[in-house]
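To keep things clear, I will list the structure first and then write my remarks on it.
Derivation of every value follows stated rules applied to the coordinates shown; laboratory data play no part. As the structure is a computational prediction, the values presented were derived from the model and not from experiment. A quick note on method: Cβ atoms are made from the backbone with ideal geometry, for glycine too, and the neighbour counts reach across all protein chains shown.
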Amino acid sequence: MDKLESYRCCIQTLLEKYAQSKFLNNEAENQLFFDPIRNHYQLMRVGWKDLERIYYTVLHFDIKDGKIWLQHNATDVDVGQELMEMGVAQEDIVLGLHPAYKRPYTGYGIA
């Protein structure tokens, strides 16, 4: 398996894992979006909790220039560490949710 396909599989596995979590007392659902042609991947939470609309992105990844970009993380988990445990090189993980000047200090790739 080539690097790009391996990274796609890692992201999809990670998102499927987090999509399994359920919330009590609401009618919301987890929705997965995989676009392997353009390399965009998201987990969203959509639905209702009583009269409150729930609609937000939990996790968002892109693959650009052979690196995994974490664009959004609404969890309290270091998903970069989980990706490394799955075999992704630390320098191939870019925290796109941080501005470029902060990335050299994150311990991950810079772009």
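Here are the numbers:
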| item | result |
| --- | --- |
| Restricting the range 30-111 to trypsin sites (Lys or Arg not before Pro) in coil, as DSSP defines it, with at most 14 other Cβ within 10 Å | R38, K102 |
| Distance between modelled label sites at I110 and T75, nm, 7 Å Cα→Cβ extension | 2.8 nm |
| Helix-only [θ]222 nm of the chain, DSSP H runs n ≥ 4, -39500 (n - 2.57) each, per residue, nearest 500 | -6500 deg cm²/dmol |
| Between 0 and 90°, nearest 10: helix 3-19 axis offset from the chain longest Cα axis | 30 degrees |
| For A28, residues with placed amide H under 5 Å, excluding near neighbours | W48 |
| Relative contact order [Cα under 8 Å, 6+ residues apart], the range 67-111, whole percent | 42 percent |
| Over the range 1-78, relative contact order from alpha-carbon pairs under 8 Å, at least 6 apart, % | 22 percent |
| Highest-fluctuation residue, V46, V79, V88 considered, GNM on the chain with Cα pairs under 10 Å | V46 |
| All-pairs Cα distance distribution in the range 1-107, expressed in whole percent, bin size 10 Å | 14, 46, 28, 11, 1 |
